[in-house]
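The values are calculated or read from the model by the stated rules, or taken from the named source; none is laboratory data. This structure is a prediction, so every number in the text was calculated from the model and none was measured. For neighbour counting, all protein chains shown are included, and Cβ atoms are generated from backbone atoms with ideal geometry for every residue, glycine included. Just the protein is used for accessible areas: all its heavy atoms, side chains included, with ligands, DNA and RNA removed. Shrake-Rupley method; radii C 1.70, N 1.55, O 1.52, S 1.80 Å.
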Amino acid sequence: MADSFDQIFIRAKQWLLSPISCRAPDWLIQVASSLLNIAALLGVFLTLFALISVLERKILGRMQNRYGPNRVGPFGLFQPVADGIKMLIKEDIVPARADKIVHFLAPVLIAATAILALGVIPYGRNMTPFIIDGGILFFFAVGSTTELAVFMAGWGSNNKFSMLGAMRAIAQMISYELPLIITVLPVVMIVGSLNPDKIVGAQSTYSLGFVPHWFVFTPWGATAFILFFVSGLVESNRTPFDVPEGESEIVAGHMTEYSGFKYATFFMAEYIGMFAISGLGVTLFLGGWHAPVHFLEFIPSYAWFFVKLSILLFIYIWLRGTLPRTRVDQIMNFAWKFMLPMAFTCVIAAAVWHYTGRGLRGWLWSLGVIAVVYVTLSILLDTRRKFAPRTYRFAE
Amino acid sequence: MSTVAFAGIAILTLAAALAAATLQKLMHAALSFAVMFVGISAFFFFLGAEFVGLVQIFVYIGAVAVLIVFTILLTRHDVGKVRGFNWSGVFVAVAVFGGLVWTISKTKSLSIVPQQIKPVTVQRIGELLMTNYVWPLQCVGVLLTAALIGALILVMEEKS
Amino acid sequence: MPTLSMLLVVSAALFCIGLLAALSRRHAIFILIGIEMMLAAANLNFIAFWRFAPQPAPPTGVMVAIFAIAIAAAEAAVGLAMVIAVYRHFRTTNVDQLDQLKG
Amino acid sequence: MNSWITSNVWLIPAAPILAALLILAFGKAARRAAAPFAVIGQLTALTMSIFAFVPTLHSHGFRSVQNFTWFTFGEQTLRIGFVLDPLAAAMLIMIALVGLCIFVFSIGYMAEDKNFSRFFAYLSFFSGAMLGVVIANSLLLLFVFWELVGLASYLLIGFWIERPSAAAAAKKAFITTRIGDMGFFLGILWLYHRSGTLLFYDGGRGCLESVGLLALGASATFIALLIFCGAAGKSGQFPLHVWLPDAMEGPTPVSALIHAATMVAAGVFLVARVYPIFLVGAINGVTPSLTVVVWIGVATGLMAALIAVAQFDIKRILAYSTVSQLGLMMVSLGVGGVAAGIMHLLAHGFFKALLFLGAGSVIHGCHHEQDIRKMGGLRRLMPVTFSTYAIGMMALSGVPFFFSGGWTKEEILHATSQWPRSHIPYYLMLVGVFLTALYMTRQIIFVFFGNRRAASEHVHESPGVMTIPLIVLAVCAILFSVVLTPAWPWLENYLTGYPARFDPHLLIQPMIIVSLALVGAGVSLGIWMYRRAAGSDPIQQAQPALFRFLENKMWIDEIYDRTVIALAAIAARFSDWMDRYVWDGLVRGVGAIGHFLARLTTGADERVINAGVDEGTVGAHGFGRLMSRRHSGQIQTYLGAIALGMLALVLLYAWLG
């Protein structure tokens, strides 16, 4: 029974494909299967986007001691519908001196790549839309295209704010892409595969029946996860790293000249990117669709995946409600002076963990490696020395 | 089916390449260049070298294309000027193409159909990189470091 | 499945388009783009020859292609840096005006 | 850890040498870092020495050997290696510990020197080289480190290079020891010729093991004597001792290092190391070579003790006392008391370093005054220095029971009295013991007792960084005596490889009465003679001629000047003359022929060859101009040309194939 719940979507897909599966040629079945996958992906994540956009406002509202949207529909849940209609019927303004083609293509490209990245994440048992041997690499290959799209948006708008915002965005994305990818390396090293399914599979066992073997429970994994999460914040331009669109400084960054549905596309792409990076984080560090304790395995695997995803998304929103925006130079310094060395340390710590037998000894050793580097970096990067205590002068 | 796919990819790639070579606006050319690389990695997927295809996208679109657009941006004041077109290059290119096609057509053994092979897994590539190709790998590492430093020094502002 | 010669013709065409860009355009960045195209064509050839090898051969073509991509990336970085440096120095990226090595 | 260090014993000398290289690499910028580097290097060496010491305790006669091939030369392979045995382990600890104390002391003593970092680099280098000598398992490797020790001593003795006397002393030390080393090197060659190996221990095939020794045969005596030449040079034995007192020109810590821990110990250590060669063909423990060692030792010991009585320079007295003690050690080795000799070497290392550092502290306090006649009454002004110095003095004089020197001296006298060949060395040694007590008492009375004299104004106790090493060394000098007592001769048994037994009956022996009486007599005579000596020496007043003879070091330097050096000067003048008039003439003749030939070829060159070349260059120039026109500087033109060339190649291949 539990198994049938777990595999209910797989069964549904097979049932949908059954009319053509005996007659049609192979490639047609593949195309049909892919189309079904894409449809399911779009359906689920666009719904999730709608849901999150309203939930974010509500949660932020609660954090700021006010109600969020609560007028449209029950509890304001139809707010995204209203927003969507508004965006669709708004005038689409294209600046006169813009590079029309590039200006048009930028949101298309950014949304397309964001959705493509979703395709390799395993959402449940046997529920990976596209099984690619180098799935993680595919994720990052597609993700790196975002930078080009952002640049296109900035350039195509032919606006100084757009260009500056795009430059900022690309600078911080390139800077944080390195720690992002390098923090994934230890997981890939330990599992020995770039295949997301294998990575999830490697986290499937439990110690003592209730401690799951998620990578986040190792010192290197925990550190890498935190670094990964911070880099993910930057990659999806979320607070506190939202300088590319910091409205008090450069209007809306590379999106300044976009309006109507194109703007909505950017907005959507940002959220989809957030989903993708969180989904990857769940896959890599939080055990994917596995249950946290063994006896809860009867709950369907995709449910676990989305629970973990929701927790990460909540943390995104929580951070947005909590932290102020960081300065540009601070972001870059942090990336190159702290994130990158720490990411490399994670790789070394994972190697240490592996070569000391993956047990308690390895656990302590890798913790030691990370602690030593962390303390060293903290001492080296200590900025307190540079500033004298503030002195006040009063009128005498 | 595969021939159709091949033709489609070939047309996309060559069209994008031609666009990248001839478009008047530099930015459009650079973007076509990126599209061309998508086409080439499609070729790689098509030929069973998925990993190379992914690396191609990763390196060329994620890094080289971004570098090119950055360079375009940094040399912006020179972009708008209209440039002449060196027609002698076209003759050379066409001549080379003719020569190559003639050579290819003259070689008989090339009209073969590939055998079924197992796809090259990432693991196999990784093992090869760490065993047979470990010295080239180290050399490439050194080369990339040198290139990084060299590029940095080249673009550093000269202090007056 | 297409034959090897078809692939070779495509890569030859790609190569010649790259050559065209490198020979005919006046802007230094185009030359770099052309060179990258020619490298890509060569990579395509490597992969194609590997794929069409008679025996289940070791993936030498794949390895060479990977290394070629890495080297091309380094070349692009240095080349573009040189374009920027040249632009700073001569205030132009027009290669017709860069003839300091004239004999 | 223990087994690890025994197989990596080379790390011990590597640590100070690395420290030296680091200091030198950082150059003058490292002034502040120099001392910590050196001290840390030495501390590392000490720690590793202790770790290396531990496994040697476990089994008696422990010996761990690491040999490896250095290089292959044709069919000959040259192998070198490292050895760790009780002898080496004990020496390692002594050198490292004493060296460490001296390093720390130097921080204070050299604080104002402008070449502070260079000094520490040399010190580290010196210490490392000496540690290398100790662990070498090949005569060649030992010789290499031996020469490095020589080099380091040269650099350190001449450290104050701006003083002509320092430079001269350094040169003298270098050349004098080189004379000994010449013999040593010949000995090495001969040994290699006979035995075919220079490894000491090589699983039964080394030159100190049965097979190798058997191969030496009758030549062993000469080889041993040649090696002893080297040892005599380094350890300042009689004909070659002249450099040692002059070496006082170096900074005091250097003197301490040379005289206590490193350089002079090397000679005694060498004899102990290759002792089996000396013993080849021994009848009743006596061989001709050992007899030579004994007599040279006796001569050195007695002569130096006599000279020491008539010196006024505080360091020079100690220097001659060192020479005398080294003679004592050599005698001990010669009569068969190897363990006694080495024990005295170790004990001497501690208290002589203590004495030198104490002297350094006094000199430092007296603003670089070294004449004991100008000192006096420092007892109250420098209490720490005085008390530690007194401990060192008592240890050196051989006051028994509580001071290490007493026991070892006792052992040596005991061994000497057992020598079957003659009893004269024993009696002479007794005289030496008496003299030692005498001159040390004289020195301590001059310096620390009596009234204050010229140099004792404005005297102050030295800082802690200088006194703490003194205290450490003094404690060592006392504590060390525990393992030396005849009742529990732990160290002796450790060195000879037998388990130690506790036997309280051996504590008091009849012999000890004799030496006790002698020491007592020496000290009392000293106190009686010098108690009123206010800046002048009573012997000098009583026997001016004798005193002058002794004060001038028995005119040995002058004798060398008149004989050896004069001979060398004559030889040099003769060579110079030959050079000028004989060889030069020949060279000129040959040169003239060459000149003539050159003129001939010049003519041919200018008239025949150049004409052709000129035409050729004109042609090449024209062709180059023609080709350079093709260089438009346009990169695209070049690229096009390359493409066309490639096309031509492709077509050519296609057409051919």
Task: Residue under evaluation residue C:79, criteria (1) at the interface with another protein chain (Cβ under 7 Å from one of its Cβ atoms); (2) open to solvent by 10 Å² or more (accessible area, probe 1.4 Å), criterion not met - done: (1)
Task: Any chance residue C:35 is more than 8 Å from chain B (Cβ to nearest Cβ) and surrounded by fewer than 23 Cβ atoms within 10 Å (Cβ to Cβ) - done: yes
TODO: Report yes if residue B:140 is assigned by TED's automatic domain parsing to the domain that holds residue B:12 and either open to solvent by less than 80 Å² (accessible area, probe 1.4 Å) or at pLDDT below 85 (or both), otherwise no.
DONE: no
Task: Criterion: closer than 30 Å to residue D:320 by Cβ, among the hydrophobic types (A, V, I, L, M, F, W, C) and surrounded by 10 or more Cβ atoms within 10 Å (Cβ to Cβ) - qualifying residue of D:578, D:529 - done: D:529
Task: Filter result (in a loop (DSSP other than H, G, I, E, B), touching a helix residue (DSSP H, G or I) at 6+ places or on another chain (Cβ under 7 Å) and polar (S, T, N, Q)) within the stretch A:215-263 - done: A:218, A:236, A:237, A:239, A:256
Open item on the list: Please list, ordered by residue number, the helices (runs of 4 or more DSSP H) wholly in the stretch D:361-421 having 3 or more residues that are hydrophobic (A, V, I, L, M, F, W, C).
Closed with: D:383-397, D:404-417
- [ ] Considering only chain C, give the helices (runs of 4 or more DSSP H) lying wholly within it that have at least 3 residues that are without any contact (Cβ under 8 Å) to a residue 12 or more places away in the chain.
- [x] C:4-24, C:60-90
TODO: Determine which member of the set C:13, C:28, C:53, C:42 is within 20 Å of residue B:92 (Cβ to Cβ), surrounded by fewer than 23 Cβ atoms within 10 Å (Cβ to Cβ), of a type outside the set (S, T, N, Q) and more than 7 Å from every other protein chain (Cβ to nearest Cβ).
DONE: C:42
Open item on the list: Please count how many residues of the stretch A:168-196 are over 16 Å from residue A:358 (Cα atoms) and either open to solvent by 50 Å² or more (accessible area, probe 1.4 Å) or hydroxyl-bearing (Ser, Thr, Tyr) (or both).
Closed with: 8
Open item on the list: Given the condition farther than 23 Å from residue C:62 by Cα and either open to solvent by 30 Å² or more (accessible area, probe 1.4 Å) or in contact with a strand residue (DSSP E or B) (Cβ under 6 Å, 6 or more places away or on another chain) (or both), answer yes or no: does some residue in the stretch B:51-64 qualify?
Closed with: no
Open item on the list: Within the stretch A:96-108, take every residue that is open to solvent by less than 20 Å² (accessible area, probe 1.4 Å) and under 15 Å from residue A:263 (Cβ atoms) and give me the one that is farthest from the chain's Cα centre (by Cα).
Closed with: A:98
Open item on the list: List pairs: first residue in the stretch B:115-140 and over 17 Å from residue C:70 (Cα atoms) and more than 9 Å from chain C (Cβ to nearest Cβ), second residue modelled with pLDDT under 85 and surrounded by fewer than 17 Cβ atoms within 10 Å (Cβ to Cβ) anywhere in the structure, Cβ distance under 7 angstrom, at least six positions apart or on different chains.
Closed with: B:123/A:192
- [ ] Could you look through the stretch A:34-60, keep only residues that are more than 19 Å from residue A:130 (Cβ to Cβ) and open to solvent by 60 Å² or more (accessible area, probe 1.4 Å), and pick out the one that is farthest from the chain's Cα centre (by Cα)?
- [x] A:57
Open item on the list: Being under 25 Å from residue A:151 (Cβ atoms), among the β-branched types (Val, Ile, Thr) and under 15 Å from the mean Cα position of the chain (by Cα) is true for just one of A:170, A:181. Which residue is that?
Closed with: A:181
Task: Some residue of the stretch C:58-79 being over 22 Å from residue B:139 (Cβ atoms) and out of contact with any Ser or Thr (no Cβ under 8 Å at 6 or more places or on another chain) - done: no
Open item on the list: Suppose we keep only residues that are more than 7 Å from chain C (Cβ to nearest Cβ) and not charged (D, E, K, R) within the stretch B:14-28. Which one would you say is nearest to residue A:155 (Cα to Cα)?
Closed with: B:27
TODO: Considering only the stretch D:538-657, give the helices (runs of 4 or more DSSP H) lying wholly within it that have at least 2 residues that are over 30 Å from residue C:93 (Cβ atoms) and among the aromatic types (Phe, Trp, Tyr).
DONE: D:544-551, D:566-577, D:635-656
TODO: Being open to solvent by 10 Å² or more (accessible area, probe 1.4 Å), closer than 30 Å to residue D:79 by Cβ and at pLDDT 80 or above narrows it down to one of D:213, D:279, so name that one.
DONE: D:279
Open item on the list: Can you tell me which of (1) more than 7 Å from chain B (Cβ to nearest Cβ); (2) open to solvent by less than 30 Å² (accessible area, probe 1.4 Å) is the one residue C:63 doesn't meet?
Closed with: (1)
Task: Those residues of the stretch B:72-83 which are at pLDDT below 65 and within 7 Å of chain C (Cβ to nearest Cβ), in sequence order - done: B:78, B:83
- [ ] Given the conditions (1) open to solvent by 10 Å² or more (accessible area, probe 1.4 Å); (2) more than 25 Å from residue D:395 (Cα to Cα); (3) at pLDDT below 85, report the number of the one that residue D:292 does not fulfil.
- [x] (3)
Task: Given (1) within 13 Å of chain A (Cβ to nearest Cβ); (2) open to solvent by less than 10 Å² (accessible area, probe 1.4 Å), number of the condition residue B:93 does not satisfy - done: (1)
